[in-house]
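Enquirer: One structure follows; several queries about it will come next.
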Amino acid sequence: MRVTSKGQVTIPAEIREKAGLLPHTDVDFIFDGRHVRIVRKRERTKDGRGARIVAHLRGRGDVAMSTDEIMALTRKT
């Protein structure tokens, strides 16, 4: 694996999956003088992944039903 001229590398899919590195995951780089570690950021911000998904979906619903009507549909057997 090589570092590109822009300083980029591709993290193999197997490692991304094991580490839980989904698209748009924020990471930090830790350098101890000899090794570099990539770790997920632990900070939770209001613009985290869940908030971005909700913002993306907000206003896209096209069903002209009230919440009560939708709930009634889920309760019918």
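So that you can scan it fast, the table gives a plain yes or no per residue for (1) surrounded by fewer than 10 Cβ atoms within 10 Å (Cβ to Cβ); (2) without any contact (Cβ under 8 Å) to a residue 24 or more places away in the chain; (3) in a loop (DSSP other than H, G, I, E, B):
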site	(1), (2), (3)
Arg34	yes, yes, yes
Arg42	yes, yes, yes
Ala51	no, yes, no
Ala55	no, yes, no
Arg60	yes, yes, yes
Val63	yes, yes, yes
Asp68	yes, yes, no
Met71	no, yes, no
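Enquirer: What's the number of the condition Lys18 fails, among (1) exposed (fewer than 10 other Cβ atoms within 10 Å of the Cβ); (2) in a loop (DSSP other than H, G, I, E, B); (3) within 19 Å of the chain's Cα centre (by Cα)?
Expert: All conditions pass for Lys18, except number (2).
Enquirer: Any chance region 52-62 includes a residue that's under 30 Å from Val3 (Cα atoms) and out of contact with any Pro (no Cβ under 7 Å at 6 or more places or on another chain)?
Expert: yes
Enquirer: For region 1-15, what are the residues that are among the aliphatic types (A, V, I, L, M), without any contact (Cβ under 8 Å) to a residue 12 or more places away in the chain and assigned to a loop (DSSP other than H, G, I, E, B)?
Expert: If the condition is that a residue be among the aliphatic types (A, V, I, L, M), without any contact (Cβ under 8 Å) to a residue 12 or more places away in the chain and assigned to a loop (DSSP other than H, G, I, E, B), then Met1, Val3, Val9 are the ones that fit.
Each reported figure results from applying straightforward, stated rules to the coordinates on display, with no laboratory input. It should be emphasised that the depicted structure is a prediction, and the values quoted were computed from it without experimental measurement. Quick reminder, even Gly has a Cβ in these numbers, built from the backbone with ideal geometry, and neighbours come from all protein chains shown.
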